[in-house]
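Read the structure below first, then the notes.
The values are calculated or read from the model by the stated rules, or taken from the named source; none is laboratory data. All figures in this text were calculated on a predicted structure; none of them were measured in a lab. Here Cβ is always computed from backbone atoms with ideal geometry, including for glycine, and neighbour counts include all displayed protein chains. Side chains are part of the model used for accessible areas, which takes the heavy atoms of the whole protein and leaves out ligands, DNA and RNA. Shrake-Rupley method; radii C 1.70, N 1.55, O 1.52, S 1.80 Å.
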Amino acid sequence: MGDPAEDVTYGGYLRLDRLLSCQEPRTGAHDELLFVIIHQVYELWFKQLLHEAALLQRRLEEDNSAGALRTARRISKILKTVVGQLDILETMTPRQFASFRDALGSSSGFQSAQFRELEAVLGRREFPASDLRDDERLREAVARRSVFDSLLRYLRLQGFAVPDAALDRDPRTPWRADEDVQRALLKVYADESGPAAEVCESLVDVDEGVQEWRYRHVKMVERTIGAKIGTGGSAGADYLRSTLFRPAFPDLWEVRSRIEEVPVHGA
C-alpha cells in the first residue's frame, strides 16, 4: 500500500472547497465580501487564541517557564495581527458600509461566542445571564481557573509566597486586585532577568494586546457608523468605549507603581 500522505493535496488538506464556499454576501455591494472575510478570519484567530491559551495554562501549571513564555509571545503576535486587520476594514468608508448594513439584520460582533470565551479564559466572570444560559462553552470557561489563576500556581512552584487563599479561591468568582499577591509579584520583579519576571511581562503583553484591540475596535466603529446604534441593537461605540482600560490582570499593572520599593539585585 502507498503512503496515505502522498494522496493529500494542498486544497484537500486545507478543505479549501468548504472554506471558500463559506462566504455568502447577502447583497450585491462590493465591500460586503471584505466585511464577511475579515470577520470570518477574526473567528479563526479567536479559535487559535483559545487553543494557545489552553496550552499556556498547562505550561504555567507544569512550571514550564520557557514553554509558557513562547506560548504567551505567540498569543501576543496573534493579537497584533488581529489589530492589524482593522487597518484593512478601515479602508471601507461609512457610505460603503451603509450600502449593505441593513442586510446584517440583528447580527453583531458582540455575539461572538469565541471572543466571550476568550474573555472568560483571561478572567472575566461578569456576563449577562442570557449569555451563560445559552452558551455551554462559556459556562465551562467561567467555572475553570483563568490564565491568572494558572500564573499564581506557576509562581508558587517557582518558590514565591503566593497566599493559599488566592490559590484555593472559587474560580467562578471575579478576581479582585490582591495586596498579598502584589507583595509576591514585587519579589518576582526584584529579579528582572529571572524566568518568573519574564513570564509575568509576557502576560502583560497579552493583556495590553487585548486592550489595544478594544481601543482600535472602538475607533473603527466610530469611523464607520459614528454615534449610531450598533447592529443587533447594541450601543455601538459607546458600549465598546465602556470596555476600555479594564485589564485582565490588574495586579500585574498595579504592582508597577511599587516596584521601586524592592532593591534591584546587584545595586
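The table below gives the values:
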quantity: Set E90, E24, E52: member being touching a helix residue (DSSP H, G or I) at 6+ places or on another chain (Cβ under 7 Å) and modelled with pLDDT of 95 or more; calculated: E52
quantity: Members of region 94-112 that are open to solvent by 40 Å² or more (accessible area, probe 1.4 Å) and assigned to a helix (DSSP H, G or I); calculated: P94, R95, Q96, A98, R101, D102, G109, F110, Q111
quantity: Single residue of D131, D170 found to be open to solvent by 20 Å² or more (accessible area, probe 1.4 Å) and outside any loop (DSSP other than H, G, I, E, B); calculated: D131
quantity: Where a residue in region 25-44 is assigned to a loop (DSSP other than H, G, I, E, B) and its partner, wherever it lies, is open to solvent by 50 Å² or more (accessible area, probe 1.4 Å) and of a type in the set (A, V, I, L, M), with Cβ under 7 Å and at least six apart; calculated: P25/L33
quantity: For T91: the one exception among (1) assigned to a loop (DSSP other than H, G, I, E, B); (2) crowded, with 16+ Cβ neighbours inside 10 Å; calculated: (2)
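Residue by residue, here is whether (1) open to solvent by less than 50 Å² (accessible area, probe 1.4 Å); (2) closer than 23 Å to C200 by Cα; (3) part of a helix (DSSP H, G or I) holds:
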position	(1), (2), (3)
Q114	yes, no, yes
E117	yes, yes, yes
R139	no, no, yes
V142	yes, yes, yes
